[in-house]
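The values are calculated or read from the model by the stated rules, or taken from the named source; none is laboratory data. As the structure is a prediction and not an experimental result, all values here were calculated from the model. Reconstructed Cβ throughout: ideal geometry from the backbone, glycine too, with neighbour counts over all protein chains shown.
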Amino acid sequence: MAHNFLHASANPRSGSETPEDPKQVIDRFLDAIWMERGLSENTLGAYRADLMALNQRLTGKSVDLVAASKSDILDYISWRVEGGAKPRSTARQLSSFRRFFRYLLREGVISDDPTAQIAMPKIGRALPTSLTEEEVDALLGAPNVSESLGHRDRAMLELLYATGVRVSELINLKMTQVNLNQGVLRIVGKGDRERLIPLGDEAQDWLKEFIDGPRVEILLERQSEYLFPTRRGDRMTRQAFWHIIKRYAKKAGVRKKLSPHTVRHAFATHLLNNGADLRVVQLLLGHSDVSKTQIYTHVARERLKDLHARHHPRG
């Protein structure tokens, strides 16, 4: 099947004095990396957009794209940053430029890579929003547990906070994955990695109550393998659970911008704040790599700094 980035002009630029149309050079570059790396249409489209934007800026300054210098590219980056471009966007564009000019260097079209001495902007990882222990208490107390669906929601939130499971893992939980005698959940997470997570007394109590009463009321005569069914006996969708959390957060007066993972973040942060080992938190979260868990140490450290500043006599 023909690829729409392939073009007839696949020969390297000759030594003619007339500069080649930058669009043709960009096309040739895209052809080459598509054949080498099998990149997706979206990735190739992003490269094209980045290079065309740079070319447009350079054309306005009467500079040929192929002849661009380090100062030309820095000028473009500065102009973008002044226009409000974020570090992540700038880093992505610079990555596109690097790949393009390295290709030209390899093809012998240029003798120096103008991006070689340009440092990547520091991006830093976005810290997740976390809730205080008081905010979690308010959120957990928001459902009306005298109603069967409210009791289900309370049990879900308690379980989420007690175990730190992913929302997708929570809504897909089956009855067979819960062992109330031993007080553990058996979770099959990403990459089919299995982990056992302790439930904790509070979550266990709410689960027992839910399974013995409200769950039966919700299902009526129907059967469901899912631990937290809907009125129709199906499993809940991520979107439905997300709406539930937002509704209870509003009711609890939690004003922070929440995400479906907010309670999972709170689980990890509060464990660390109370002295848990990072490796233990990694195992409980089901992270294959401790670097993914590392982000929570920043959250906990900021909290500790804040506590120190507020409570230490010399803070």
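Evaluated against (1) within 18 Å of His151 (Cα to Cα); (2) in contact with an Asp or Glu (Cβ under 7 Å, 6 or more places away or on another chain), Ile187 falls short on exactly one condition, (1). Of the residues in segment 240-260, not one is polar (S, T, N, Q), at pLDDT below 90, within 27 Å of Gln177 (Cβ to Cβ) and in a helix (DSSP H, G or I).
The numbered conditions (1) under 21 Å from Leu131 (Cβ atoms); (2) assigned to a helix (DSSP H, G or I); (3) within 24 Å of the chain's Cα centre (by Cα) are all true for Trp206 except (3).
Ala49 satisfies every condition listed in (1) farther than 15 Å from Phe97 by Cβ; (2) under 28 Å from the mean Cα position of the chain (by Cα); (3) without any contact (Cβ under 8 Å) to a residue 24 or more places away in the chain except (1).
Here Val216, Val280 are screened, and the one residue that is loosely packed, with under 15 Cβ neighbours inside 10 Å and more than 15 Å from Val145 (Cα to Cα) is Val280.
For Tyr103, are the conditions met, namely being within 25 Å of the chain's Cα centre (by Cα), surrounded by 14 or more Cβ atoms within 10 Å (Cβ to Cβ), in contact (Cβ under 8 Å) with a residue 12 or more places away in the chain and in a helix (DSSP H, G or I)? Considered against the rule, which asks whether it is within 25 Å of the chain's Cα centre (by Cα), surrounded by 14 or more Cβ atoms within 10 Å (Cβ to Cβ), in contact (Cβ under 8 Å) with a residue 12 or more places away in the chain and in a helix (DSSP H, G or I), Tyr103 comes out as no.
Selection within segment 29-43: residues that are under 22 Å from the mean Cα position of the chain (by Cα) and surrounded by 14 or more Cβ atoms within 10 Å (Cβ to Cβ). The member of this set that is farthest from Phe97 (Cα to Cα) is Leu39. Within segment 187-200, the set of residues being assigned to a helix (DSSP H, G or I) and in contact (Cβ under 8 Å) with a residue 12 or more places away in the chain comprises Lys190, Gly191.
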